[in-house]
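S.K.: One structure follows; several queries about it will come next.
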Amino acid sequence: MNTKMRLLKRELDYQILILPVLIFYVLFCVYPFFSTFYYSFTDYSNMKLDNLKFVGLDNFKGIFKSDLLTISIKNSIIYAILMTVFQTSLGLILAVFLDRKLKTKNILRSMFFLPAVFSPLIIGYLWSYIMSTSDFGLINRAVTALGFAKINFLGNPDLALYSVVGTQLWQWTGWVMVIFLANLQSIPKDLYEAAEIDGANSWGKFWRVTLPLMQPSVNVVSVTAMIGGLKVFDIIFALTEGGPGNSTQTIMTAYIKTVFTEGFYAKGAAFGVVFFIAVMIITMVMMSFLKKWGEQTR
């Protein structure tokens, strides 16, 4: 009986400790989440703050009629796919290369990881100077020194989004490399020795031993890169603010513009609901694909 009472008291103590965090979570996460669903079906705006009217699916229909919102969805998907594919593949190549016995490997690891410790806003302002078409733009100074015309990286609508992707690959590939390195160093060396005895060359060892055992870290990196790419905001704000025109507008920049600049709160809420459903579907598809890949490599 005494033992049961002690266990019950301990459970109650745990519940009391968790309670403040639970209240905070409900107030600032759960309540806003369900409020967004509610407001997406109303005519809530800066011109209509009370006596809200139920408008059905009008806000959702308006999303797909808005050029700003449709181009932001397209840009976010392109950005997320490019970041996921290139960040994962480049990070994996770097990790495999820097897992070798090199005298400079610690210095090289630090150099590649260093950009990840800075805020994307700082990186954005830094690259806006480096890619500038003004006289202080380092890249264009090198380009003109070689006899070519200046390249308007951030002012050309066809080039701006890919320039932003380039800066983010520069910043985050080192961070991905560290995750892959941690996974690589957990792979038993016996497996490589066994593969060598079976006659496997370097490519065979990578394909048959390294890559299958890297599946956990590849899963984490791919999913986080995709979700992070879909909700990118800070680097876009620092480099282009969605321009030129709307060529680098993403889901989050369009969301901020629609809600806080234009005051269409209900339309922004509907956009948030669509964004949530899209991210959930994409994540589930990716997880399913990665799970099948993992089962095939076992």
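The values are calculated or read from the model by the stated rules, or taken from the named source; none is laboratory data. Worth saying up front: this structure is predicted, and the values here are computed from it rather than measured. Don't worry about glycine lacking a Cβ; one is built from the backbone with ideal geometry, like all the others, and counts go over all protein chains shown. With ligands, DNA and RNA removed, areas are computed over all heavy atoms of the protein, side chains included. Shrake-Rupley method; radii C 1.70, N 1.55, O 1.52, S 1.80 Å.
S.K.: Would you point out the residue of the stretch 105-139, among those that are aromatic (Phe, Trp, Tyr), over 17 Å from VAL176 (Cα atoms) and without any contact (Cβ under 8 Å) to a residue 60 or more places away in the chain, that is most open to solvent (accessible area, probe 1.4 Å)? I'd like the intermediate steps shown before the answer.
M.R.: To start, the set of residues in the stretch 105-139 that are aromatic (Phe, Trp, Tyr) comprises 112-113, 118, 125, 127, 129, 136.
With over 17 Å from VAL176 (Cα atoms) added as a condition, the list becomes 125, 127, 129, 136.
So of that shortlist, the ones also without any contact (Cβ under 8 Å) to a residue 60 or more places away in the chain come out as 129, 136.
On the way: TYR129: 138, PHE136: 110 Å².
That would be TYR129.
S.K.: List pairs: first in the stretch 254-270 and more than 18 Å from ASP58 (Cα to Cα), second open to solvent by less than 10 Å² (accessible area, probe 1.4 Å) and of a type in the set (S, T, N, Q), Cβ under 6 Å, 6+ apart or cross-chain?
M.R.: Sorted first by the residue in the stretch 254-270, then by its partner, the pairs are ALA254/SER72.
S.K.: Same structure, new question: Take the conditions within 29 Å of ILE78 (Cβ to Cβ) and among the aliphatic types (A, V, I, L, M) and apply them to LEU146. Does it pass? Reasoning before the result, please.
M.R.: Numbers: within 29 Å of ILE78 (Cβ to Cβ): no; among the aliphatic types (A, V, I, L, M): yes.
Considered against the rule, which asks whether it is within 29 Å of ILE78 (Cβ to Cβ) and among the aliphatic types (A, V, I, L, M), LEU146 comes out as no.
S.K.: Continuing with the same structure: Open to solvent by less than 20 Å² (accessible area, probe 1.4 Å) and farther than 28 Å from MET280 by Cβ: which single residue out of SER163, SER202 fits that description?
M.R.: Working: SER202 fails: open to solvent by less than 20 Å² (accessible area, probe 1.4 Å).
Being open to solvent by less than 20 Å² (accessible area, probe 1.4 Å) and farther than 28 Å from MET280 by Cβ holds for just one of SER163, SER202, which is SER163.
S.K.: Quick check on LEU102: is it open to solvent by less than 30 Å² (accessible area, probe 1.4 Å) and either over 23 Å from LEU82 (Cβ atoms) or not in a loop (DSSP other than H, G, I, E, B) (or both)?
M.R.: No.
S.K.: Something else: Taking into account only those residues within the stretch 140-160 that are crowded, with 16+ Cβ neighbours inside 10 Å and touching a residue at least 12 places away in the same chain (Cβ under 8 Å), which is nearest to the chain's Cα centre (by Cα)?
M.R.: If we take residues in the stretch 140-160 being crowded, with 16+ Cβ neighbours inside 10 Å and touching a residue at least 12 places away in the same chain (Cβ under 8 Å), then ALA160 is nearest to the chain's Cα centre (by Cα).
S.K.: Output yes when any residue across the stretch 207-220 is within 22 Å of ASP158 (Cα to Cα), within 15 Å of the chain's Cα centre (by Cα) and at pLDDT below 90, and no when none is. So that I can check it myself, show each step before the final result.
M.R.: First, the residues of the stretch 207-220 that are within 22 Å of ASP158 (Cα to Cα): none.
No, the stretch 207-220 contains no residue that is within 22 Å of ASP158 (Cα to Cα), within 15 Å of the chain's Cα centre (by Cα) and at pLDDT below 90.
S.K.: Same structure, new question: Pairs under 7 Å by beta carbon, first residue touching a residue at least 60 places away in the same chain (Cβ under 8 Å) in the stretch 217-241, partner surrounded by 22 or more Cβ atoms within 10 Å (Cβ to Cβ) and aromatic (Phe, Trp, Tyr), six or more apart or different chains?
M.R.: GLY229/TYR79; VAL232/TYR79; LEU239/TRP127
S.K.: Restricting attention to the stretch 137-163, which residues are in contact with a Ser or Thr (Cβ under 6 Å, 6 or more places away or on another chain) and assigned to a helix (DSSP H, G or I)?
M.R.: Our first condition is that a residue be in contact with a Ser or Thr (Cβ under 6 Å, 6 or more places away or on another chain); within the stretch 137-163, this holds for 140, 150, 152-154, 157, 160-161.
Scanning the stretch 137-163 gives ASN140, ALA160, LEU161.
S.K.: Somewhere in the stretch 227-249, is a residue over 18 Å from GLN171 (Cβ atoms), surrounded by fewer than 18 Cβ atoms within 10 Å (Cβ to Cβ) and among the acidic types (Asp, Glu)?
M.R.: yes
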